[in-house]
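The structure is given below, and queries will be raised subsequently.
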Amino acid sequence: MQLIQETVDVVIIGAGLSGVTAAGFLAKENRQSWKLIDKARSVGGRMATRRIDDQRFDHGAQFFTVRSFEFKALVDQWLKNGVCKEWVRGFGENMDDGHSRYVGAGGMNQIAKKLSEALPKENIALNEKIMDIELIDGFISISSETGSRFFCKKLMITSPLPQTAAMMAKFQGDQRLVKIMSDLSEISYEPCIAVMGFFDPEEVPLTKFPAKSNSAPLAFVADNFSKGLSSRQAALTVHLSSEASHGLFTANDNVVVDFVCHELRRHFHLKKVTRPSTVEVHRWRFATPKTTISEPCLAWSGPNGLKICFAGEAFGGPKIEGAYLSGLAAAGALTLGV
């Protein structure tokens, strides 16, 4: 891999919806040079979709809703352009509560991918895990695990806050930044284990899903066939509750899958749930913030034009809409005075 050493006006860490939204804003404004960086091999963050046996499974965020006027205007455009579609209006026995749940057409990750298609490819650096953020010679210095280094005056960080704190450990800021980092350190996250597999549709009736459970150990069960992602029926994504995910986070995959089969049978009163022949397990260590910060972003301004904006799903609500609005607010803050 070729090492990168680059200086830009703005660096954005994290190519989930917040980061991609901010990058789109900066690209449209076209007043500052910028770089979007992510440790993954593609954009999307927890809006994640993977292929199993040439079928697609959403294994992160399963859907999104719309509340604000700003987000509705965007989603209306997505619907018009085929980026997303309405999935359901309720779960389980209450399949029509009047509230639309939307999904990405072709998978949840397709939303971020479609947004990123409008961005210059040379402005996006993937497979770059950021290790340290420091202040060097009046610039914010950002170094990655590969040895690449980026320099900027303005930085936006959208990572889960424990990861943000680790990256910022060497940064020497003033008392206001210390206070911001102290406030952010109080935000903790719940984990979530996602199990994806092809279950037997004769054992697992499709009429029961999607289903949202308010009691442990199952949090959510979605059939990717109903989303149009899989041509095979009963292609389930099962999210375990935070309690169950805590208890099984380091357990062997076989143990996790057996547990899911048992709980599906028990919770939905099924006669039998055979272990899928093809199954995968994904562990989200920072799935959902336990509490959120009411502001859409927090910004620190330092000497000589330095600025750091903290944004993402921990700001304004742990939902996709909140992530979008957070990215928009942070991009606006980074553009002030330019």
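Note down the magnitude of the dipole of segment 189-289 about its Cα centre, charges +1 on Lys and Arg C-beta and -1 on Asp and Glu C-beta and zero elsewhere, to the nearest 20 debye. Write down the numbers at each step before the final one.
Values: 11 positive and 10 negative charges, 33 e Å.
About 160 debye.
If the cut-off is a Cα-Cα distance under 19 Å, which lysines reach Lys208, setting aside same-chain residues fewer than 8 apart in sequence?
Lys227, Lys271, Lys272
While we're looking at this one, here's another question. From the phi angles alone, apply the Karplus equation (6.51, -1.76, 1.60; θ = phi - 60°) to segment 152-157 and give each ³J(HN,Hα) in whole Hz, x where the residue is Gly or Pro.
7, 9, 10, 9, 10, 10
In addition: Taking the Cα atoms only, what angle lies between the long axis of helix 253-267 and the longest principal axis of the chain, rounded to 10 degrees?
Computed tilt is about 60 degrees.
Could you tally the net charge around Glu186, taking each other residue with its Cβ under 14 Å from the Cβ of Glu186, Lys/Arg +1 and Asp/Glu -1?
On the way: positive: Lys179, Lys290; negative: Asp183.
Result for the local shell: +1.
Here are some values of semi-axes √(5λ) of the Cα gyration tensor in Å: [x] 37, 21, 18; [y] 46, 27, 18; [z] 57, 25, 18. Which one was computed from this structure?
Computing semi-axes √(5λ) of the Cα gyration tensor in Å and matching it to [x] 37, 21, 18; [y] 46, 27, 18; [z] 57, 25, 18 gives [x].
Report the full-extension gain for the segment Val8 to Ala216: residue separation times 0.36 nm, less the Cα-Cα distance, to one decimal in nm.
Values: separation 208, 0.36 × 208 = 74.88 nm, distance 4.68 nm.
Value of the extension gain: 70.2 nm.
Turning to a different aspect of this structure: Each residue of segment 180-196 in order: what ³J(HN,Hα) in whole Hz does its phi give by Karplus 6.51 cos²θ - 1.76 cosθ + 1.60, θ = phi - 60°, with x for Gly and Pro?
Residue by residue, segment 180-196 yields 4, 5, 5, 5, 5, 5, 7, 8, 10, 10, 9, x, 8, 9, 10, 10, 10 Hz.
Let me ask something additional. Nearest 500 deg cm²/dmol is fine: what mean residue ellipticity at 222 nm does the chain get from its DSSP H runs of n ≥ 4 alone, each adding -39,500 (n - 2.57), divided by its residue count? Before the final figure, lay out the partial values.
Details: 8 runs with 91 residues, N = 338.
The helix contribution divided over the chain gives -8000 deg cm²/dmol.
Read the figures in this text as sums done on the coordinates, not as results from a lab. Values in this document were obtained by computation on a predicted structure and should not be read as measured data. All Cβ positions, glycine included, derive from the backbone under ideal geometry; neighbour counts span all protein chains shown.
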